[in-house]
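J.: First the structure, then my questions, so here it is.
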Amino acid sequence: MARMSDPSSYIKPQLSYGQAMTRTQDDLNITSPLTAREVYQVLRDVALGKRIMMRSAIQSWSEIYHGLMPIEIEGWRLTLFNDCDTLDYCEYCRSPDGRVGTLELWQRDGPDPVDLLSAWEREQLERLLAAL
């Protein structure tokens, strides 16, 4: 008669609630947030004509005048603040790979992406935003 192996060896161990939560949190923290410098580089590329910017809102830059304007730059989704037709700051950005940066995160570490632009780059972006 053939000897059967112990059936308990076929049972997969169950994770406790705490272990499952830790694993889920680790899975969510795989990517790091976008830095202000990374977003600045995308905005700079637009100012230099290396990337194409499109508006994601129905309203134009001048119609918004004072408020948030969503734009897209080759898969990058940004929300910029228009302060009376002046580019004030970047509120939010999501990169094509899903990483996110926010004004709150950037301000903890220093300037937001718009603050890193030169005067010429900022003026050029404002002209391009007005033309969208």
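Read-outs: derived from the displayed coordinates by stated rules, not from any lab. Predicted model only: the values in this text are computed from it and were never measured. Cβ: placed from backbone, ideal geometry, glycine included. Neighbour counts: every protein chain shown.
J.: Just rank W106, W61, W120, fewest to most, by other beta-carbon atoms within 10 angstrom.
T.: W120, W61, W106
J.: Any chance you could check the Cα centroid distance between segment 66-85 and segment 90-119 for me, in angstrom?
T.: 12
J.: Please sort 122-131, 69-78 by packing, taking for each peptide the average over its residues of neighbouring beta carbons within 10 angstrom, highest first.
T.: Going by the mean number of other Cβ atoms within 10 Å, highest first, we get 69-78, 122-131.
J.: Right, here's the next one. Using 0.36 nm per residue of separation minus the Cα-Cα distance, give me the extension gain between K50 and R108 in nm, one decimal. Before the final figure, lay out each step's value.
T.: Numbers: separation 58, 0.36 × 58 = 20.88 nm, distance 2.95 nm.
The span from K50 to R108 would gain 17.9 nm if fully extended.
J.: May I ask you to sort R51, R44 by Cβ crowding, counting other Cβ atoms within 10 Å and putting the fewest first? If you can, show how the numbers build up before the last one.
T.: On the way: R51 16, R44 20.
Taking fewest neighbouring Cβ atoms as first place, the list is R51, R44.
J.: Along the Cα-to-C-beta direction of R99, a point sits 7 Å from the Cα; which residues of segment 33-70 have their amide N less than 13 Å from that point?
T.: Within reach of a label on R99: 33-42.
J.: Another question, then. Please compute the length gained on full extension between T35 and H66, using 0.36 nm multiplied by the number of residues separating them and subtracting their Cα-Cα distance.
T.: Details: separation 31, 0.36 × 31 = 11.16 nm, distance 2.54 nm.
Net length gain for the segment: 8.6 nm.
J.: Taking neighbour Cβ counts within 10 Å as the exposure measure, how do V114, V100 sort from fewest upward? Can you show the working numbers first?
T.: Working: V114 22, V100 13.
With the fewest neighbours first, V114, V100 line up as V100, V114.
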